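Each remark here refers to the structure printed beneath this line.
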Amino acid sequence: MSRLKDLQKNLFGGTTSNARQFTMIFTLVAVIVLFQWLTDGLTLQPGNLIALTQQYAYISVLSIGMLMVIVAGHIDLSVGSIAAFVGIVVAKAIHDGGVPWPVGILLGLAVGAVIGAWQGFWVAYIGVPAFIVTLAGMLLFRGGNQYIGNAETVPVPEGFKQIGAGYLPEWGPSTGYNNSTLVLGLVACLAVVWRELRARKTRRDMGTDPSPVWITVLRLAIMIGVIAFATLRFAGGRVGTSFPISGCILAALVIAYSFYTRNTPGGRHIYAVGGNARAAELSGVKLRRVNFFVMMNMSILAALAGMIFVARSGASGPQDGLSWELDAIAAVFIGGAAVAGGIGTVSGSIVGGLVMAVLKNGLQLLGVGTDREQIIRGMFLLLAVALDVYNKSQGRFSIIGSITRPFHRQQPTEPDAPNQAGQGSIKTPVAG
């Protein structure tokens with residue numbers, strides 16, 4: 001019985017978590033298993049997994065930036081239009097202006113930064129609500145896309161397409177798998193082991209009892225098993241394919257932004273502002289700087305997402321970016337963010353995006369029409385959030401709220417210190 005309690009207590013989140021706190025992950029697994037059965041095994045076929053990664057990488061990129069915007073207490077409705085605007089600017093610069101495609105990528109990021117600075121200025125320094133600023137931006141940059149592109153499709157060169165439609169290269173001896181993907185999977189396994197051992201050492205150094213060794217071994221076995229399975233799936237696709245470059249870009253962003261929100265003062269300030277802006281300001285947080293940063297960062301990531309989409313499509317068109325902001329917002333809320341701000345994680349947003357992506361992909365594999373697909377996805381989003389809100393109001397287990405707890409780290413407070421005034425009322429959840 002004690003082993004069972006240890007398992008429930010420590011398997012996925014240390015001394016205060018249990019398996020229920022990963023309900024959204026279990027939901028993702030359940031959705032995958034359901035469609036794997038309904039599609040006769042097509043869902044987990046290498047080709048479908050590779051296509052799924054390429055098709056939804058840009059939405060996941062958007063969800064990372066949207067998570068930070070929502071945590072800070074704002075919303076951004078302009079990301080789809082910004083992505084489309086940057087896409088046409090870069091495509092025209094490369095195709096008509098003769099700009100080398102690497103320079104085109106830098107140009108796109110610079111345009112995104114300028115747009116973000118523009119919107120951040122209105123939000124942070126003028127005080128216009130982000131909802132209004134980005135609603136105006138949605139109209140402005142959608143019109144800019146159609147004006148610059150003249151409502152036409154503009155192609156991009158092969159080199160540029162690699163960031164959206166390229167794969168890790170093949171090299172070395174013939175193993176029957178893509179060797180680059182195998183190496184990537186091995187690195188991921190080693191990173192998981194290193195992180196787990198480092199966490200145990202940290203808890204021991206702090207005088208906190210780490211979880212039992214057998215729990216650590218079981219947890220590592222599960223994570224390594226999942227990574228190994230995914231690695232073999234991606235590495236075993238048809239010749240010429242492997243893990244997508246867009247997936248590598250997304251993975252790098254997840255690691256970087258998880259570290260930023262988890263281990264830096266700037267990341268914690270975003271959560272502090274969303275949790276209690278007044279208390280955060282009294283504690284020395286630069287409120288305007290935080291609001292400016294999250295809006296500017298969102299536009300840069302929107303620019304990157306737009307370029308990834310154009311690269312995968314092979315051309316920029318007038319219909320790019322439609323409803324992308326809704327998909328990104330849905331991923332963030334399903335992944336655990338609070339409407340009022342202050343709560344949410346990068347990893348949770350990625351899981352939320354995966355749930356919606358697998359749901360859409362599975363319905364497409366089953367031949368469900370676009371009309372019914374949208375109805376089902378809309379009802380899934382509504383019911384998931386409504387159930388969580390109801391459970392909170394009844395004091396019951398919260399699906400969305402619980403997924404954030406395993407990634408939180410309690411910060412010690414020193415109420416007697418003069419520079420800690422007001423911090424006792426600030427909750428600073430940390431993204432994982």
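For the condition within 25 Å of Ile25 (Cβ to Cβ), assigned to a helix (DSSP H, G or I) and in contact with a Pro (Cβ under 8 Å, 6 or more places away or on another chain), what is the one hit in Arg198, Arg203?
On the way: Arg198 fails: in contact with a Pro (Cβ under 8 Å, 6 or more places away or on another chain).
After applying the criteria, what remains is Arg203.
Here are Gly73, Gly97: which of them is outside any helix (DSSP H, G or I) and either charged (D, E, K, R) or free of Cβ contacts under 8 Å to residues at least 12 places away in the same chain (or both)?
Working: Gly73 fails: either charged (D, E, K, R) or free of Cβ contacts under 8 Å to residues at least 12 places away in the same chain (or both).
That would be Gly97, the only listed residue that is outside any helix (DSSP H, G or I) and either charged (D, E, K, R) or free of Cβ contacts under 8 Å to residues at least 12 places away in the same chain (or both).
On the given criteria, is Arg289 farther than 20 Å from Tyr257 by Cα, surrounded by fewer than 24 Cβ atoms within 10 Å (Cβ to Cβ) and among the charged types (D, E, K, R)? So that I can check it myself, show each step before the final result.
Numbers: farther than 20 Å from Tyr257 by Cα: no; surrounded by fewer than 24 Cβ atoms within 10 Å (Cβ to Cβ): yes; among the charged types (D, E, K, R): yes.
Against the criterion (farther than 20 Å from Tyr257 by Cα, surrounded by fewer than 24 Cβ atoms within 10 Å (Cβ to Cβ) and among the charged types (D, E, K, R)), Arg289 does not qualify.
Looking at (1) crowded, with 20+ Cβ neighbours inside 10 Å; (2) modelled with pLDDT under 95, find the lone condition where Ile82 falls short.
(2)
Count, please, the residues in the stretch 206-232 that happen to be assigned to a loop (DSSP other than H, G, I, E, B) and either open to solvent by 80 Å² or more (accessible area, probe 1.4 Å) or under 14 Å from Ala188 (Cβ atoms) (or both).
Filtering the stretch 206-232 for residues assigned to a loop (DSSP other than H, G, I, E, B) gives 206-212.
Subsequent filtering for residues that are either open to solvent by 80 Å² or more (accessible area, probe 1.4 Å) or under 14 Å from Ala188 (Cβ atoms) (or both) retains 206, 209.
Counting residues in the stretch 206-232 that are assigned to a loop (DSSP other than H, G, I, E, B) and either open to solvent by 80 Å² or more (accessible area, probe 1.4 Å) or under 14 Å from Ala188 (Cβ atoms) (or both) gives 2.
Within the stretch 324-344, which residues are among the small types (Gly, Ala, Ser) and either in a helix (DSSP H, G or I) or under 17 Å from the mean Cα position of the chain (by Cα) (or both)?
Residues of the stretch 324-344 that are among the small types (Gly, Ala, Ser), as a first pass: 328, 330-331, 335-338, 340-342, 344.
Once the filter is applied, which keeps residues that are among the small types (Gly, Ala, Ser) and either in a helix (DSSP H, G or I) or under 17 Å from the mean Cα position of the chain (by Cα) (or both), the stretch 324-344 yields Ala328, Ala330, Ala331, Gly335, Gly336, Ala337, Ala338, Gly341, Gly342, Gly344.
Taking interchain pairs and intrachain pairs at least six residues apart, which have beta carbon atoms under 8 angstrom, with the first residue in the stretch 280-295 and within 18 Å of Val114 (Cβ to Cβ) and the second open to solvent by 20 Å² or more (accessible area, probe 1.4 Å) and assigned to a helix (DSSP H, G or I)?
Phe292/Ala117; Phe292/Phe121; Phe292/Tyr125; Phe293/Gly266
The values are calculated or read from the model by the stated rules, or taken from the named source; none is laboratory data. All values derive from a computational prediction rather than experimental measurement. Neighbour counts run over all protein chains shown; Cβ positions are idealised from the backbone, glycine included. The protein model used for the area step is the full one, side chains on, heavy atoms only, and it has no ligands, DNA or RNA in it. Shrake-Rupley method; radii C 1.70, N 1.55, O 1.52, S 1.80 Å.
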